[in-house]
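Bear in mind that the values in this text are calculations on the coordinates, not laboratory data. Everything numeric in this text was worked out from a predicted model, so none of it was measured. Quick reminder, even Gly has a Cβ in these numbers, built from the backbone with ideal geometry, and neighbours come from all protein chains shown.
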Amino acid sequence: MDILFLGTGAGIPAKLRNVTSIALKLLEERKSIWLFDCGEATQHQILHTSLKPRKLEKIFITHLHGDHIFGLPGLLGSRSFQGGDTTLTIYGPKGIKDFIEVSLRVSETHLQYPLIIEEISDGIIFEDDQFVVEAATLDHAVHSYGYRITEKDRIGTLDAVKLKEDGIPPGPIYAKLKNGESVYLEDGRLIHGKDYVGPNQKGKIVTILGDTRPCENAIRLAQQADLLIHEATFAGDSEEMARNYFHSTTIQAAKVAYEANVKNLCLTHISSRYGKGDWQQLIEEAKTIFPQTLIAHDFMEVSI
């Protein structure tokens, strides 16, 4: 599970930061990529990475401001041109379906893969045997969602050393034991998977918030998360401006991380008013509240 930041700026593209898009790489877990927001030129950013649009499985849109959705039509079309043929599901607020369908129809873009668009409300919006995704409304000028991605606990590690010590060579039997099955060996012994598999591995939790003022749902979605990705459009001394524009400061984001007892905080959605020389100040003021803080930049990758 890895996070790759494709765009970390707010409002408009800038030389050092493109507008918002975040890739959750699940290549080991499910051989796919989930994208969170798709600002203008997201597909251009992807060209500078190893990401393959055909591996996109899901796109989660936090809200309908242009810096979070204007890259969608182009990316959807390019995925089709580049051989993507598997189903792609897009989740987002009411209105996302109209935006996509009108864009594709007017431009006569014909996709060669099934596209599912789900307009969501608060609650669990996706669940399978690996992951649960919960959405909750935040506090922004338009309807904005935060997402909590919970990986379900994984089966423990198979103790290959112990198996070899007991005279059980590698083979298809290992997969059965990993699944907890009991197996008869050729010498008549009955062995049990539970004797060779370690305890379940705790699944990871990632919380990705859309644009927002500090609010209770942000804290709730982030509870005990391994990584919280929180917008920090403004510096800590600009709280009034942040409130007026329905955004958060670095210090406010750090307070959410502290109250939610997360392990790590990553600040993103940084206003272009802050040049590279200001970034260290932004991270230092957040660290006064929550020391385990990073500030994202385009193409930064974080392992979870």
When each of 164/194; 31/94; 52/276; 25/58; 176/204 is checked by Cα-Cα distance, pairs over 18 Å: 31/94; 52/276; 176/204
State the extension gain, in nm to one decimal, for the chain segment bounded by residue 263 and residue 192, taking 0.36 nm per residue of separation less the distance between their alpha-carbons. 21.9 nm
Yeah, the range 1-142 with a ≥ b ≥ c from its alpha-carbon gyration tensor (a/c under 1.5 is rounded, else prolate when a/b outruns b/c, oblate otherwise) is rounded
With semi-axes √(5λ) of the Cα gyration tensor in Å in mind, check (i) 27, 23, 22; (ii) 38, 25, 17; (iii) 33, 23, 17 and report the label derived from this structure. (ii)
Subtracting the Cα-Cα distance of residue 130 and residue 243 from 0.36 nm times their residue separation yields 36.9 nm
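What does the charge dipole of the chain about its Cα centre add up to, to the nearest 20 debye, if the Cβ of each Lys and Arg holds +1 and the Cβ of each Asp and Glu holds -1? All intermediate terms of the calculation are to be shown ahead of the outcome.
Values: 32 positive and 41 negative charges, 93 e Å.
That gives a dipole near 440 debye.
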Extended-chain gain in nm, criterion 0.36 nm per residue less alpha-carbon gap, residue 108 and residue 143: 9.7 nm
For the pair residue 2 and residue 85, how long in nm is the line joining their label points, each one 7 Å along Cα→Cβ? 2.8 nm
I'd like the FRET efficiency for residue 97 and residue 122, computed as 1/(1 + (r/R0)^6) with the beta carbon distance as r and R0 of 30 Å, rounded to 0.05. 0.95
Can you run phi through the Karplus equation (6.51, -1.76, 1.60; θ = phi - 60°) for the range 215-224 and list ³J(HN,Hα) in whole Hz, with x for Gly and Pro? 7, 5, 5, 4, 5, 5, 5, 8, 3, 6
Under 13 Å from the Cα of residue 178 - aspartates and glutamates, other chains or at least 8 residues apart: 159, 195
Between helix 250-260 and the chain: long-axis angle, C-alpha atoms, 0 to 90°, nearest 10: 40 degrees
Please report the net charge: other residues with Cβ closer than 10 Å to the Cβ of residue 193, K and R +1, D and E -1. +1
Pull up all non-local amide H partners of residue 211: gap of 5 or more, or a different chain, and H-to-H distance under 5 Å with H placed in the peptide plane. none
